[in-house]
Amino acid sequence: MGVAVDKIFEDFLNKQSIFNNKDALTIQYTPDNIPHREEQIAALAKILAPALRMEKPSNVFVYGKTGSGKSLCTNYVCSQLNKISESKNVPLKVVYVNCKMRKVADTEYRLIAQLAREFGQNIPATGLPTDEVYKIFFETIDKDKKLIILILDEVDQLVKKVGDEVLYNLTRINQELKNAKINIIGISNDVLFMNNIDPRVKSSLNEEEMVFPPYDALQLKDILSERAKIAFNKGSISESVIAKCAAYAAREHGDARRALDLLRVAGEIAERAGRDRVEEKDVDLAEEKIEKETIEEVVKNLPVQSQSVLYAAFLILKSREPPVYTGEIYDVYKSICVRTATKPLTQRRVSDLISELDMLGIINAKVISKGRYGRTREISLSVSDEILNKIEDLLKVDLKL
DNA sequence: CGAGATTCATGTGAAGTATACCTTTAGGCTTAA
DNA sequence: AAGCCTAAAGGTATACTTCACATGAATCTCGTA
């Protein structure tokens with residue numbers, strides 16, 4: 001291999017990079033200034049302020065679509081709160097858990113276990129009774145006098161899966177605690193989430209309610225400009241590129257996360273092409289790339305069985321127009337299992353897997369009745385052909401076909 | 001011709017099972033007095 | 001006798017299976033106009 005790798009690295013270092021601080025364009029990044037959310041931040045701060053006097057603030061519920069700044073603002077306010085409490089020696093702890101994370105907090109046991117882990121406990125993945133884990137959690141918290149602010153991100157996902165008993169138990173904790181107090185901030189994408197929830201939970205959890213409206217294109221532009229100032233080096237980004245990203249993201253219910261992704265990926269594309277400024281066409285390329293990558297990411301992390309089911313759907317759709325029905329998929333799935341020498345799951349389970357794939361947005365599945373010819377799910381893929389081929393290759397590799 | 005019964009293919013809920021892992025407990029062995 | 005290790009016993013969460021029943025519109029049936 002006579003490739004001059006050292007030269008590539010050398011060039012990379014010598015060239016003035018487009019980026020100055022790419023982190024500013026990631027979702028983890030918390031900027032000092034959050035435009036167009038002043039109102040919500042102030043409201044949230046007012047609600048939580050009593051915490052500094054060791055009075056338990058009201059529980060809060062935050063609603064809003066993805067990328068409307070819910071998590072960001074909540075985390076921002078809480079970290080500020082944390083900063084002040086530290087300097088004034090107020091015993092306050094903020095815990096953030098995302099309930100959607102597979103294998104982390106997507107069941108009652110796992111959520112409580114995860115919470116206990118946040119407090120330094122070592123909880124096994126399985127084996128303990130859930131009550132026991134609750135007890136451990138209680139006792140750890142209650143060891144000394146403090147106030148805990150518990151942020152449950154995407155709780156709607158958790159409740160949809162395992163019911164609202166978890167929330168009930170959590171809201172009840174306060175009555176059992178002698179020293180500590182716990183305050184819950186729930187974050188949900190689903191505005192109608194509270195409707196079908198135990199009224200007892202509802203009343204105690206929904207003491208305060210906050211709605212984050214989606215950003216419009218202008219607001220997105222402000223946000224991006226703000227971040228771009230930090231992320232890019234001078235002169236490598238233009239107003240028009242930013243405007244384009246904002247416009248694209250505004251089309252999708254004003255998703256700021258998407259806007260940031262667009263900008264970041266566009267920058268990466270320009271950088272890789274060896275240019276020193278981002279151009280508008282990069283944004284178009286970025287949009288394609290993001291769609292491809294996010295789906296790829298999801299598919300890659302799928303359990304093998306789900307991959308097989310998905311692959312079955314691909315195979316059928318390659319030779320035919322949608323829609324495809326559950327029965328067909330199951331047959332093909334079984335033959336795939338024979339080829340990969342894995343034990344096929346039952347149709348019952350596959351039915352659930354199809355539902356999950358639907359939830360993930362990889363496929364569209366709709367239950368329909370075909371009258372005399374029974375009842376089934378009508379399934380189609382929700383991605384473009386080009387991405388479809390890419391995923392197919394990916395599955396082939398993963399399934400070793 | 002139309003109301004009501006029938007039918008099909010699979011959705012869906014509940015209960016049961018296998019697996020992997022946990023704590024407790026009872027021996028059994030070693031060790032120190 | 002006390003201490004320590006090990007293996008069995010008894011228990012749990014989770015992913016999956018088994019069983020059984022629910023669904024709902026196209027189609028069929030049959031009485032009636």
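The values are calculated or read from the model by the stated rules, or taken from the named source; none is laboratory data. Just so we're clear, the structure is a prediction, and the values are computed from it rather than from any experiment. Cβ coordinates were reconstructed from backbone atoms using ideal geometry, including for glycine residues, and neighbour counts include every protein chain displayed.
Picking from residues in region A:98-113 that are more than 9 Å from DNA strand C (Cβ to nearest atom) and surrounded by fewer than 21 Cβ atoms within 10 Å (Cβ to Cβ), the one that is modelled with the highest pLDDT is A:Asn98.
Of the residues making up region A:354-391, those that are among the β-branched types (Val, Ile, Thr) and exposed (fewer than 14 other Cβ atoms within 10 Å of the Cβ) are A:Val367, A:Ile368. Exactly one residue out of A:Ile197, A:Ile242 is surrounded by 14 or more Cβ atoms within 10 Å (Cβ to Cβ), without any contact (Cβ under 8 Å) to a residue 24 or more places away in the chain and hydrophobic (A, V, I, L, M, F, W, C), and it is A:Ile242.
Scanning region A:62-96 for residues that are assigned to a loop (DSSP other than H, G, I, E, B) and either under 19 Å from A:Gln40 (Cα atoms) or of a type in the set (S, T, N, Q) (or both) yields a total of 6.
Among the residues that make up region A:73-87, is at least one of them of a type in the set (Val, Ile, Thr) and touching a residue at least 40 places away in the same chain (Cβ under 8 Å)? Please lay out each step first, then the result.
Taking region A:73-87 first, the residues of a type in the set (Val, Ile, Thr) are A:74, A:77, A:84.
Next cut, touching a residue at least 40 places away in the same chain (Cβ under 8 Å) only: A:74.
Within region A:73-87 (the criterion being of a type in the set (Val, Ile, Thr) and touching a residue at least 40 places away in the same chain (Cβ under 8 Å)), the answer is yes, since at least one residue qualifies.
Which residue, of A:Lys161, A:Lys135, A:Lys143, is out of contact with any helix residue (DSSP H, G or I) (no Cβ under 7 Å at 6 or more places or on another chain), within 13 Å of DNA strand C (Cβ to nearest atom) and under 22 Å from A:Asn183 (Cβ atoms)? From the options A:Lys161, A:Lys135, A:Lys143, the qualifying one is A:Lys135. Restricted to region A:159-275, the set of helices (runs of 4 or more DSSP H) holding at least 3 residues that are closer than 28 Å to A:Ala49 by Cα comprises A:165-176, A:199-205, A:217-231. Screening A:Leu394 on (1) surrounded by 14 or more Cβ atoms within 10 Å (Cβ to Cβ); (2) within 19 Å of A:Lys300 (Cα to Cα); (3) under 31 Å from the mean Cα position of the chain (by Cα); (4) within 16 Å of DNA strand C (Cβ to nearest atom) shows it passes everything except condition (4).
Summed over region A:308-366, residues that are of a type in the set (A, V, I, L, M, F, W, C), under 21 Å from A:Asp385 (Cα atoms) and within 12 Å of DNA strand C (Cβ to nearest atom) total 1. Test of understanding: among A:Thr326, A:Thr376, which residue is farther than 27 Å from A:Glu154 by Cα, among the β-branched types (Val, Ile, Thr), modelled with pLDDT of 90 or more and within 29 Å of the chain's Cα centre (by Cα)? Just one listed residue meets the conditions, A:Thr326.
Within region A:117-138, being more than 14 Å from DNA strand B (Cβ to nearest atom) and not in a helix (DSSP H, G or I) holds for A:Phe119, A:Gly120.
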